Structures are given as structure tokens and as C-alpha cells.
Amino acid sequence: MTDSATQFVSPLTFQALSGHPVHHELLNAEVENAMGHISLARWADILLIAPATANCIAKCSHGLADDLLSTLYLAANCPVYIVPAMNQAMWNKAVTQENIQKLQRHGVVMIGPEAGSQACGETGFGRMTEPEAIVDAIIGYSNPLLAGLKILITAGPTREALDPVRYITNRSSGKMGYALAQAAALAGAEVTLISGPVQLAVPDKVLCIQIESAAQMYEAVMANISNQAVFIGAAAVADYSPMQVQAGKIKKQGAQIAINLQKTPDILASVANLPHPPFTVGFAAETHDLEAYAKHKLAAKNLDMIAANWVGQAEGGFDSHENALQVFWQDQQKSLPMMAKTDLAQQLLALIAQRFHEKNTI
Ligand code: PMT
């Protein structure tokens, strides 16, 4: 417990209710040896910080160690899970998001936060994930069905060059695909990530191949697809690219100019229609008729599964922390409600792993 936590519940109450010893002092030679924080850090199989305040996250991300909790974080070499809980404005503050991203770059896994009404009376993202869901998430991260599977994932946008300085792209941040890569790697899968240009750190133990255009993504996927058990197409690949890339910067001309575009190779369909395809999962990003379009893509591209999401709405989809998915396979479907993309990735992977093993035991 931190000092602030003891203002809400006394360590004695916490100990009596939980039936477990409660540690809260960094240095207390009378209670335990002065190096107790190091033994605690070595004893743990995982370190879970729940709830983690904006202050606690800031301290961890900067390596400050001025109390037992932040010192444990610094001393731990086991997997670390952080469950943020704070006011929605504090969560949305750029500096908090920078701290979160920094910790994620260092391999820390975020669980939540969730949206809803908050203790302060405001509404938004920042609610702590429910304890049962935290436990499910941690169990999910060690999903034995994923251990050892070779998984190829695409993420982020593509850039289709018009001239040396301009390109056509979209709003994908890569968060969905990177969350899938991180969750799969944590569960012990062998992950290759083929990524368009994004501002995200490559998750630990993930092999990342960086590309720019749809054509480059196609080449990279095809060069790495053999022996993959699962392929997940989470990238927002351009459907069309300029027929000609001008050698020099296009000069300002009349009131209008026309650009001729040609279809890019369909990476997802090409993988699904290989002679020996991996278990192939597509995404569908739709602004209307989500279910009909997703089901059409599932059948037309010969996919094993498709995860459909609404885009262009106030919540979820492109460049958002959270998302919701409607997943379709054969004649079945499952709704995964709005939640953090990190949690969503884990739930989608659990579904993929289950279906993959069912298909391969038939
Ligand atoms: O990156 P984020 O900001 O986190 O946002 C996540 C997301 C919204 C980008 C993601 O959840 C998502 O929906 N990804 C797919 C976006 C997309 O291109 O959807 P689509 O319906 O246009 O394409 C269908 C499928 O075909 C996708 O799996 C896509 O990767 C694939 N495709 C498309 C074109 C092409 N030439 N080759 C492909 O493989």
C-alpha cells in the first residue's frame, strides 16, 4: 500500500479482510530486514499495480523510487501489469499518455482503464477495470493455446506516394495491431509484425518489419508467410495507390487536378487463398452496414474469421485508445464491447486461439 492508499483503508483492515500480510513501508528494520523491498521484488511471479494513480504511473515511468511501491517496480524483473485509475481529464492529459506509452515501451502491460461514471462525479475513461476482469486479463495473457504459435500481424496505415513529398494515407495509429502483437507475444507466441509508419514502440519479443506502401506490405507479408500458423490483417491498407509517382514535386496548377489511382494487391485475400493458408483473420472497418459488409468479406476473401469495427464515430476505431469488435466466423458471431484496445486484443486472440485449435483438431 502507498501512503495515499492507507488514507482510504488502514493496513490492518486490509490485512484482516484479505488474510494476507500487508507491506507499506520502504525501510522498516523492526518489521522485516531493511532490504525487504528487494526480497519482495524477487519473490513475486508478477507485479500487479491496481489501482495505479496518475502519480504512481508518472513515478514508475521516470524511475523514481521514493516509496515501497515505486521501489518494487524499479527492482522487479518479473512481468508488470498496471491498472490505471484516475479522473478522465488526468487520463487524457498528454503527459499521462506519454508516461503510459513510455512504460509500454519498457514492456509494462496496461489493463484498462474503462469508461463510465467516476468517483469525482465526472464521466469518461479512467475507471479501474473490475477485479474479476483484471484476473481474467492476467490469465488470458498466459493463454497456453497461444504458446509457441507463429503469428504474423499487420498494423498501422500505408502511405501511397504521389511525389517525393506527398502521399495518400489514413488515420490508423497502429494501436490495435500493436496491442495484438504485444498480447500474443506475452502469451508465448512467436510474433512477426509488419507495420506501416506509426509512433509506437515495438512490443518486447516481437520481430517488426517496417514498410511504407501497400505494395511493400504485400511483399513483406508474402516473404514471411510460410510456416505461419495464424495471419491477422489489422492494418488499414490503402485500397488504391497513384498510378504514377511523380519524380519531382507536383506544381500548383489550375483550379482542379485529377490523380489516377489503381488497385493495390489484396494482402488478406492473397494469404487466405494460398495453397496451404494459415488461419486467416481479417478486419473490416465500416461506416455503415457493418455486419453485411463483414460477412461479405469473410466469404468473398475465404477467411477463417473477421473482426468488424465501426470507424468514423465518436468512440473507437481509428486512433483511439479503445475499440469494440463484432467478430464473425462460419455461422457464428461474438460481440466484444467497447474497451481498451489492449484488453480487446487479448479477448480477440483468445477467440482466434480457440477456433484455430478447433479447426486443427477436426
Ligand atoms: O490502427 P488503429 O488506430 O488502432 O485503428 C484500428 C483499425 C480501425 C485500423 C483496425 O481495427 C481495422 O479495422 N483495420 C482494418 C482496416 C481496413 O483496412 O479495413 P477494410 O475493411 O478496408 O479492409 C478489410 C481487410 O482487408 C483488412 O483486414 C485489411 O487489412 C485488408 N486489406 C485491405 C486492402 C488491401 N489492399 N489489402 C488488405 O489486406
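The values are calculated or read from the model by the stated rules, or taken from the named source; none is laboratory data. Not measured: the values here are computed from a predicted model. Please note: Cβ atoms are built from the backbone with ideal geometry, for glycine as well, and neighbour counts cover all protein chains shown.
Assorted remarks:
- Answer from Leu200, Leu180 - the residue that is closer than 26 Å to Asp239 by Cβ and surrounded by fewer than 24 Cβ atoms within 10 Å (Cβ to Cβ): Leu200
Yes or no, residue by residue, for (1) closer than 23 Å to Ala350 by Cα; (2) part of a strand (DSSP E or B); (3) touching a helix residue (DSSP H, G or I) at 6+ places or on another chain (Cβ under 8 Å); (4) among the polar types (S, T, N, Q):
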site	(1), (2), (3), (4)
Ala255	no, no, no, no
Gln262	no, yes, no, yes
Pro265	no, no, yes, no
Val281	yes, yes, yes, no
Gly317	yes, no, no, no
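- When residues in region 268-278 are screened for being more than 10 Å from the ligand (Cβ to nearest atom) and either buried (at least 23 other Cβ atoms within 10 Å of the Cβ) or in a helix (DSSP H, G or I) (or both), 0 of them pass.
- Among residues of region 290-308 that are in the same structural domain as Leu351 (by TED's automatic domain parsing) and assigned to a loop (DSSP other than H, G, I, E, B), those with a beta-carbon under 9 Å from a residue that is of a type in the set (S, T, N, Q) and near the ligand (Cβ under 10 Å from one of its atoms) at least six positions away or on a different chain give the pairs Lys301/Thr280; Asn302/Thr280; Leu303/Thr280; Asp304/Thr280.
- Tally of residues being modelled with pLDDT under 95, closer than 28 Å to Glu286 by Cβ and assigned to a loop (DSSP other than H, G, I, E, B) across region 130-171: 1
- Residue match in region 83-90 (condition: within 25 Å of Ile38 (Cα to Cα) and modelled with pLDDT of 95 or more): yes
- Matching residues in region 165-199 - criterion: being within 13 Å of the ligand (Cβ to nearest atom) and polar (S, T, N, Q): Thr169, Asn170, Ser172, Ser173, Gln182, Ser195, Gln199
- Of the strands (runs of 3 or more DSSP E) lying entirely inside region 186-238, not one carries at least 3 residues that are outside the structural domain of Gln104 (by TED's automatic domain parsing) and acidic (Asp, Glu).
- Qualifying residue in region 140-147 (condition: surrounded by fewer than 20 Cβ atoms within 10 Å (Cβ to Cβ) and in contact with a Gly (Cβ under 6 Å, 6 or more places away or on another chain)): yes
- Any hit, region 118-125, residues being modelled with pLDDT of 95 or more, surrounded by 15 or more Cβ atoms within 10 Å (Cβ to Cβ) and either assigned to a helix (DSSP H, G or I) or more than 16 Å from the ligand (Cβ to nearest atom) (or both): no
- Breaking point among (1) closer than 30 Å to Val80 by Cβ; (2) in contact with a strand residue (DSSP E or B) (Cβ under 9 Å, 6 or more places away or on another chain), for Ala236: (1)
- Val202 falls short on exactly one of the conditions (1) free of Cβ contacts under 8 Å to residues at least 60 places away in the same chain; (2) within 16 Å of the ligand (Cβ to nearest atom); (3) more than 22 Å from the chain's Cα centre (by Cα), and that condition is (3).
- Within the set Asn99, Asn87, the sole residue that is surrounded by 14 or more Cβ atoms within 10 Å (Cβ to Cβ) and either touching an Asp or Glu at 6+ places or on another chain (Cβ under 9 Å) or more than 18 Å from Lys59 (Cα to Cα) (or both) turns out to be Asn87.
- If you go through region 318-355 and keep only what is in contact with a Ser or Thr (Cβ under 9 Å, 6 or more places away or on another chain) and on the phi > 0 side of the Ramachandran plot, you end up with just Asp319.
- Checking each residue in region 88-117 for being under 16 Å from the mean Cα position of the chain (by Cα), outside any helix (DSSP H, G or I) and more than 14 Å from Ala340 (Cα to Cα) picks out His106, Gly107, Val108.
- Among the conditions (1) buried (at least 19 other Cβ atoms within 10 Å of the Cβ); (2) within 12 Å of the ligand (Cβ to nearest atom); (3) under 18 Å from Met217 (Cβ atoms), Ile151 misses just one, which is (2).
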